[in-house]
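Trainee: Quick one: this structure, given as structure tokens, is what I'll be asking you about.
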Amino acid sequence: MSTTRAPKTGLQQYVATLGSWIGKIPGAIMILPLFLGATINTLWPQALDLGSFTSALFRDGTGALLGLFFFCMGAQINFRATGVTVEKGVAILIGKVGIGVIIGLGVAFLIPGGTLFGLVPLAIIAAMTNSNSALFVALTKQFGNKSDRGAVSVIALNDGPFFTLIALGAAGLAAFPLEMLAGLLTPLFLGFAVGNLSAKARVFLAPGETLLIPFLGFVVGRGIDFTTLGEAGAQGILLGLLTVVLSGPAAMGCLWLAHVLRRRPKRARNLISGAAEATTAGNAVATPAAVALIDPSFEAIQSIATAQVAAATITTAILIPFVVMFVSRWQLSRGVSPQAEDEWNFGAVDGDVETASATPGGEHDRLAETTRAH
């Protein structure tokens, strides 16, 4: 029995067009609620002072939402990745996190006033050490190989405020009482334990990571005034450019060194995954708020740091696909390819290789779909 669909009304077409347009905005699921929260805070800051569930969720929910978000996020970190996948992920992570920490602490200690063109160290470290895992998987699926995509299991360690807290605390820039630091990281480690003990639990918790992002974005935006957001926009674009220009080459450099140390031939020194790591994740927008929860001295710069990271997220998401495409063409022109790397590591199997050391590619692809907002 054939059925015919009723033609869409003008309103339905408008909603469909609007939804399609919103879907093209990088990190829209985090950025748009953040802007909405900032709008309410700027024009009508008392709007959510209704008490009960409304205030608990939309005004005071930062701590609870962050805790649940870190739990779901920790469950997606796969401890079972081994071999080439771990080697690649660790090399990229060292370059990515290392350059972010060096630049951030360098600005804090070496630049007069502790800022670089208005960029605060908190925003620099939060943005440059974090990366968009879903975009990484999507780009390495198109331009890389399965060991590239499998590296996301290790790279996922830079999600959240973990490395930012370590860098600020070790440098003496922040005072994190041990019990408060433990309270912040416990949900992450509990989620990590649950996700690695049960693959079903990991799959079950994966949608929760995406579900919480818009609520978290709104609550974080509630602490931003549009005046601050406007001032931080240009600075955030600069931060995004620095992330692409500095963290990408640093990750590629560490990956190239790993290839050299393993004595891989030049044709197998594939650097696509290093280039794809030069992004800032949408969840990094919540890092300044997480840091301020532990050390109240950061509350004064939390809003400007959040706005700078938000702008960097959009900037890197727009630029990095073109960067990865350029690196891919540059490699091919020099006879280097992801396929040649796989052939060297595992032997050729119909032009593609199922890496036993990586988490199943299907799981990464599902994770990419459910964490598109990262």
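Trainee: Using packing as a proxy for protection, rank 165-171, 330-336 so that the peptide with the highest average count of other Cβ atoms within 10 Å comes first.
Mentor: Working: 165-171: 18.4, 330-336: 13.4.
Averaged packing, sorted descending, gives the order 165-171, 330-336.
Trainee: Moving to a separate point now. Could you work out how much longer the chain between Ala64 and Ile111 gets when fully extended? Use 0.36 nm per residue separation minus the Cα distance between them, nm to one decimal.
Mentor: Working: separation 47, 0.36 × 47 = 16.92 nm, distance 3.61 nm.
Full-extension gain reported as 13.3 nm.
Trainee: Using label points projected 7 Å from each Cα along Cα→Cβ, tell me how many nm separate Ile102 and Phe35, to one decimal.
Mentor: 3.6
Trainee: If we restrict to alpha carbons, what Rg and Dmax does region 265-343 come to, in Å?
Mentor: So, for region 265-343, Rg and Dmax equal 18.2, 53 Å respectively.
Trainee: Also: Just the accessible area per residue of region 180-338, please: how many Å² with a 1.4 Å probe? Working shown, then result.
Mentor: On the way: 6430 Å² over 159 residues.
The answer is 40 Å² per residue.
Trainee: If you don't mind, another one. Quick check: with the 1.4 Å probe, what order do Phe70, Phe163, Phe204 take by accessible area, largest first? Intermediate values should be presented prior to the final figure.
Mentor: Working: Phe70 10, Phe163 45, Phe204 160 Å².
Result of the area sort, largest leading: Phe204, Phe163, Phe70.
Trainee: What whole-number value in Å² describes the accessible area per residue of region 111-152 for a 1.4 Å probe?
Mentor: Value for region 111-152: 26 Å² per residue.
Trainee: Per Stokes-Einstein, at 4 °C and 1.567 mPa s, what whole-number D in µm² s⁻¹ belongs to region 111-193, with the Kirkwood radius over Cα pairs as the hydrodynamic radius?
Mentor: 87
Trainee: Same structure again: With a 1.4 Å probe and all protein chains kept in place, how do Val245, Val152, Val323 rank by accessible area, largest first? Could the numbers behind the result be given before it?
Mentor: Numbers: Val245 90, Val152 5, Val323 50 Å².
Order by accessible area, largest first: Val245, Val323, Val152.
Trainee: Using the structure shown, select from Lys88/Lys141; Lys141/Lys266; Lys146/Lys200 the pairs with a Cα to Cα distance greater than 20 angstrom.
Mentor: Working: Lys88/Lys141 15 Å; Lys141/Lys266 22 Å; Lys146/Lys200 22 Å.
Lys141/Lys266; Lys146/Lys200, as the Cα separations exceed 20 Å there.
Trainee: What order do you get for 111-124, 282-295 when each peptide is scored by the mean count of other beta carbon atoms within 10 Å, highest first? Write out the running numbers ahead of the final one.
Mentor: Working: 111-124: 18.9, 282-295: 25.6.
Packing proxy ranking, top to bottom: 282-295, 111-124.
Trainee: Counting only protein chains, not ligands or nucleic acids, how are Met252, Met325 ordered by accessible area (probe 1.4 Å), most first? Don't skip to the end; give the middle numbers.
Mentor: Details: Met252 35, Met325 65 Å².
Output order, biggest surface exposure first: Met325, Met252.
Trainee: Can you pull the percent of region 87-164's accessible area that's carbon plus sulfur, 1.4 Å probe, other chains left in place? If you can, show how the numbers build up before the last one.
Mentor: Numbers: 1670 of 2220 Å².
Result for region 87-164: 75 percent of the exposed heavy-atom area is carbon or sulfur.
Trainee: Could you give P(r) for region 190-345, binned at 5 Å from zero, as whole percent values over all Cα-Cα pairs?
Mentor: 2, 9, 13, 14, 13, 14, 15, 11, 6, 4, 1
Trainee: Kindly rank 95-107, 260-272 from highest to lowest mean number of other beta carbons found within 10 Å of each residue.
Mentor: Details: 95-107: 21.9, 260-272: 16.5.
Highest to lowest by the protection proxy: 95-107, 260-272.
The values are calculated or read from the model by the stated rules, or taken from the named source; none is laboratory data. Treat the numbers as computed from the prediction; the structure is a model and nothing was measured. Note that each Cβ is placed from the backbone with ideal geometry, even for glycine, and that neighbours are counted across all protein chains shown. Just so you know, the surface numbers come from the protein's heavy atoms only, side chains and all, with ligands and any DNA or RNA stripped out. Shrake-Rupley method; radii C 1.70, N 1.55, O 1.52, S 1.80 Å.
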